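Presented below is the structure to which this report refers.
Each value in this text was obtained by applying a stated rule to the coordinates, not by laboratory testing. Predicted model only: the values in this text are computed from it and were never measured. With ideal geometry, Cβ positions are generated from the backbone for all residues, glycine too; neighbour counts draw on all protein chains shown.
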Amino acid sequence: MSEPLNPEQLRSLTPLNVLSEQQWRELRGQLTPQPLLQGQVLFRPGDQARVTYYLLAGELLLQSAEGVQRVQAGSELSCHPLSPSLPRLHEARALTDASVLALDTATLNRMLTWRLAYHDLLLELGQGEDELEWLERLLENPLFAKVPPSNVRAMLERLQRVELAAGSTVLAEGEAGDCCYFLKTGRAEVMRGAGSEQQVLAELEIGACFGEEALLADSPRNATVTMLDDGVVLRLDRQDFFALLKAPVVNEVSLGEASRLLAAGAQWLDVRLQKEYERAHALQSLNMPLQLLRLKARLLDKNRTYLCYCDSGKRSVSAVFLLTQLGFSAYALRDGVDALPPVQRDALLCESGSGYLARSGGRTERSL
């Protein structure tokens, strides 16, 4: 099996050459050359696959209604994506045995957008290599794709450093929430419940934001976070969180706007408790209670848009913030279903309409 390309081999490929080494490491799973046999077609006109291709070895023929063009590995043309517009305008056929690099376009675009938007900020704030790497890992969290660099700069200036030993409790379930945190070094574990009822929800990675759910929902902490190693967390006070992060990250929509998104393929995501859901829910909605969302988000489709709703809108806003961190596209129904006129509310929530329940074990099942 071929080995993944190394950074030196990537430096000639535009625009891959602007990515950081940390980003290249994240792409490592996609950086293995793929063989293409002589005569084999890579793509045809009209192809809609969101894949970015580079020619690494051999020769290809690009053919369109406007003519034909030979692309040889090592040429200036091969340093750029092959027929990048969608739907594709060309047929690409191998003239010799060849190899290509195939990258997920959405991932590449996200990384490029982030890198170009935050390049100057990283140069300004990065003091040493370790500090620069941590900043990159923090800012590559998908939620920062929606935060203006000026807000990020202000946030970093207001973060308060807290050093903690392994076993320390950063925040405890049931306590009031007056801040959120970012994990700078070490590992941390998210747990809910106590004794035999204790459940591990997630292990947090460097750069993760946590503790924001209590701020967004204006409710007590719904989980306990404990350090697994000696480490450092950075604290952001409530007022700074709302001013700098919540406003640009959480998208809210009206019922009319939600209807248009549903027509385009979005799905309702009910983040209330299962008993609330069973009383009445939106047709074809998926029930994934907020307190289990971090654990069960793997059941969701990152190619789909989710419309989160609850009674007051607070839980759905928390859900959108969390889903954004995890790389999903999500919107919250503004002010929740209780703010809808009775006629609209009754039309949205059906007592016996079909829907879906997210179960443990990585599956969903239909509800009635």
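Within a Cβ distance under 10 Å of E163, other residues only, what is the Lys/Arg minus Asp/Glu net charge?
+1
Of the beta bridges DSSP finds with both residues in the chain, what % are antiparallel, to the nearest 5?
Percent antiparallel among DSSP bridges in the chain is about 80.
Find how much the distance from T185 to N109 grows on full extension, using 0.36 nm per residue of separation minus their present alpha carbon separation; answer in nm with one decimal.
Here the segment from T185 to N109 would lengthen by 24.6 nm.
Ordered by packing density, taken as the mean number of other Cβ atoms within 10 Å over each peptide's residues, highest first, how do 210-219, 150-159, 318-327, 189-198 rank?
318-327, 210-219, 150-159, 189-198
Beyond 33 Å, what share of the Cα-Cα pairs of the chain is found? Please give it as a whole percent.
Of all Cα-Cα pairs in the chain, 42 percent lie more than 33 Å apart.
Which three semi-axes in whole Å describe the equivalent ellipsoid of region 227-368, each the square root of 5 times a Cα gyration tensor eigenvalue, listed largest first?
Semi-axis lengths for region 227-368 are 26, 19, 14 Å.
Mind checking the angle between helix 105-125 and the chain's longest principal axis? C-alpha axes, 0 to 90 degrees, to the nearest 10.
Taking Cα atoms only, the helix is inclined about 80 degrees.
Nearest 0.05, what FRET efficiency do A65 and E175 give at R0 = 56 Å with Cβ-Cβ as r?
Between A65 and E175 the formula returns 0.30.
Determine the gain in length on full extension of the stretch A263-E76; use 0.36 nm per residue of separation and subtract their C-alpha separation, reporting nm with one decimal.
63.0 nm
Cut-off 17 Å, label point 7 angstrom out along Cα-to-Cβ of A202: give me the residues of region 323-340 whose amide nitrogen falls inside.
The answer is 323-331, whose backbone nitrogens lie closer than 17 Å to the label point.
Rounded to whole Å and sorted largest first, what semi-axes of the equivalent ellipsoid does the C-alpha gyration tensor of region 182-310 yield via the square root of 5 times each eigenvalue?
29, 19, 14
Express in nm, to one decimal, how much length is gained between E278 and E21 on full extension, taking 0.36 nm for each residue of separation and deducting their alpha carbon distance.
Gain on extension, E278 to E21, equals 87.7 nm.
Mind checking Rg over Rh on region 7-103, alpha carbons, Kirkwood formula for Rh?
Computed over Cα atoms, the ratio is 0.96.
With Rg and the Kirkwood Rh both taken from Cα atoms, where does Rg over Rh land for region 159-247?
Reported Rg/Rh (Cα atoms, Kirkwood Rh): 0.96.
Given region 250-367, what percent of its DSSP beta bridges are antiparallel, to the nearest 5?
Here the share of antiparallel DSSP bridges comes out near 35 percent.
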